[in-house]
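A.B. asks: Input: one structure, supplied below.
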Amino acid sequence: MTVLRALSATGALWLALAGGAWPLPSDAAAQTLARGHEDSRRIVQRSPKGAPAGARAAPQPLPRETVEADVSSRAIAITSAFTGTEIVVFGSVINSRQPSAEAGYYDVIVVLEGVPEPVVARRKSNVAGLWVNTDAFDFESAPSYYAIASTRPIEEIAEEEFLEAHAIGLDYVRLSPAARSVIRTEPAEIKNFKEAVVRRRQRDGLYLKADYAVIFIGKSLFRASIALPAHVPVGPLTARVYLFREGEVLSTFQQRVRLEREGIELWIYWFAMRHPALYGLFTVMIAVIAGLLASAAFRRKAAA
Amino acid sequence: MHIYLPIAEMPANVLLFLGMGSAVGFLSGLFGVGGGFLLTPLLIFSGIPTPVAVGTAAAQIVASSVSGAIAQWQRNNVDIKMGLVLLAGGVAGSVIGVQMVRILRLAGQFDLFVALAYVTFLGVIGTLMLIEAVGAIQRARTQQQPLLQRGSGQHNWVHRLPLKMRFHRSKLYISAIPPLAIGAFVGFLGAIIGAGGGFIMVPAMIYLLRMPTNIVIGTSLFQIVFVAGLTTVMQAAENYSVDVVLALLLIVSGVIGAQYGAAAGARLKGEQLRLLLAALVLLVCVRIGWDLVATPDDLYSITTSFGGAP
């Protein structure tokens, strides 16, 4: 992205220079210049993975594509009836040059990520016939939830370096090992622990991957629906949308999704966290009253 | 039908947990045990995070024990003095136990310790009870004297300790040290494994203190009410792991189950009760033990700091 921004800035500079050099600089001419610059860059850095058929654009005076996106609900309320939900991330490619929805001219990757939280990974080994946790590895942070959807497998869309730098894909989820764990663990072992975190979370339905889940509905409109399981840890989510063409990122978009307790759920949680001892006493009181009520009810029944 | 649990952060099937609560409540009323040793593993098997299962089970134990204790009280089956001595020990043990939970969790050995404690105690106690109950039933058939009849000449080491107290209701004159120690041990273990400890206390009172079986059940329930109540408050305050919504589901169904259990218990003979309890204890023991020795499908596991706990 930074590279792209820098290049756009250069383009703007070109424009200014062009404006100064030629007496009648039309918008179209300026765009041709900017466009031409971008195209030349693409030729130099053309992705070896290849692009879908029909992707080769003739150098025309066309405006740059950008992506605009949003989520179906920016605030998800966790109430007592919450049993998971689905977040639809939809968006549109502005200045789309795609002839039809099926053309595969653009690639889109959608990442929905939860808050980072500390995680401990442990490994069992057999000690005298029993399976015991013998090794542990601390992560300063791992996303509580991570879902990725794309128009096709992400390895075909972008270079590994890019995916890694932007934490796109289950192989590149941002897991920060704690220094105290790193110094006493072999690099190969660290890899095993990292893979274990992703694997366990995948099994729990908290890390998801769906190739081909981003679908173009028209020339510019796309959508992806991502499952949010009922046991998703409560906290804000971030949706990131990347628009690619031929391995190059053209535009990105980011949107926050609030995931919050509401109503009685919020009240109980607040009570339990702010006044834990009082909350404990309250729970015991409910238990005692319930026990007494049941006794009284049954005694009356027995007496009758 | 589902309801979202605010602390466990997951939806729960209302009918499943109501069923679980009433089944455990029934057994609790029947045997005079809190039922935690059944409820905690059941909650964990159904997907509730271990700390929440342990913390919330304590709240349910309070409810089912209150209603069970009152049912026993009405039959004059509670030795208050003995209960208070056990309780004094239990409070001390529980406080130490909750601290121990934190140390074990930091070391990553909490689950192992819980499983080992369950297997050891359930295994030993279940086997002893099974042998004794089978023997008692056989003797009853051949019209012999039961083993547990106390005569004036029957004194073991328990009766030679100092600090003697008279327990009128149990018809005992023994040292206060064994009940204190039993209470402390049960309180300690109860805090760690999320059980009131009735399954340990009941046999200890029968075989070590030689209390009459009918008094044992009422007294054990009386003591459990207070220890489980204290444990609930401490689990909420220290580990933020008590889910009041889950507790409510288990409590409502548990107290009703406990009443039916107590009524059913009154119609069964002591040795039959002990045989059934022994079988149940061994069943849970085998189930937990299996997970310790069977090769796990994934050697790795991950844990997060729980809820808003620092």
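A.B. asks: From the square roots a ≥ b ≥ c of the eigenvalues of the alpha-carbon gyration tensor of segment A:64-261, which class results: rounded (a/c under 1.5), prolate (a/b over b/c), or oblate?
C.D. replies: Judged from the Cα gyration tensor, segment A:64-261 comes out prolate (a/c at least 1.5, a/b above b/c).
A.B. asks: Report, by chain and number, residues whose modeled amide H sits under 5 Å from the one on B:I174, excluding near sequence neighbours (fewer than 5 apart, same chain).
C.D. replies: Residues meeting the amide H criterion: B:M165, B:F167.
A.B. asks: Report the convex hull volume per residue for chain B, counting only C-alpha atoms, in Å³.
C.D. replies: Taking only Cα atoms, chain B has a hull volume of 132 Å³ per residue.
A.B. asks: Take each complete run of DSSP H in chain B, measure how far its Cα atoms stretch along the helix's own axis, and keep only those covering 30 Å or more with mean Kyte-Doolittle hydropathy at least 1.0; list them.
C.D. replies: Passing helices, by number: B:80-107, B:110-141, B:213-234, B:244-266, B:270-293.
A.B. asks: Oh, and also: Roughly how many debye, to the nearest 20, is the charge dipole of segment A:64-261 about its Cα centre, given +1 on each Lys and Arg Cβ, -1 on each Asp and Glu Cβ, and no other charges?
C.D. replies: 680
A.B. asks: Follow-up. Give me A:D135, B:D298 ranked fewest to most by other Cβ atoms within 10 Å of their Cβ, as a rough exposure proxy.
C.D. replies: B:D298, A:D135
A.B. asks: Once you charge only the Cβ atoms, +1 for Lys and Arg and -1 for Asp and Glu, what is the size of the charge dipole of chain B about its Cα centre, to the nearest 20 debye?
C.D. replies: With only Lys, Arg, Asp and Glu charged at Cβ, the dipole is about 1580 debye.
A.B. asks: Rounded to the nearest 0.05, what FRET efficiency do A:Q255 and A:A297 give with R0 = 41 Å and r taken as the Cβ-Cβ distance? Could you check?
C.D. replies: 0.15
A.B. asks: Over the alpha-carbon set of segment A:180-262, divide Rg by the Kirkwood Rh and report the Rg/Rh ratio to two decimals.
C.D. replies: 1.07
A.B. asks: Taking only C-alpha pairs under 8 Å that are 6+ residues apart, what is the relative contact order of chain B in percent?
C.D. replies: 39
A.B. asks: Neighbour counts of other C-beta atoms within 10 Å: give me A:R240, A:R180 arranged from fewest to most.
C.D. replies: Fewest to most other Cβ atoms nearby, the residues stand as A:R180, A:R240.
A.B. asks: Given a Förster distance of 41 angstrom, what is the FRET efficiency for A:V88 paired with B:L104, based on the Cβ-Cβ distance and rounded to 0.05?
C.D. replies: Given R0 = 41 Å and the Cβ-Cβ separation, E is 0.40.
A.B. asks: Another question about this same structure. If I model a spin label at A:E186 and A:L221 as a point 7 Å from the Cα along the Cα→Cβ vector, what separation in nanometres do I get?
C.D. replies: Between A:E186 and A:L221, the simple spin-label model gives 5.5 nm.
Computed from the coordinates by the stated procedures, all read-outs in this text should not be read as laboratory data. None of these values were measured; they are calculated from a predicted model. Backbone-built Cβ (ideal geometry, glycine too); neighbour counts: all protein chains shown.
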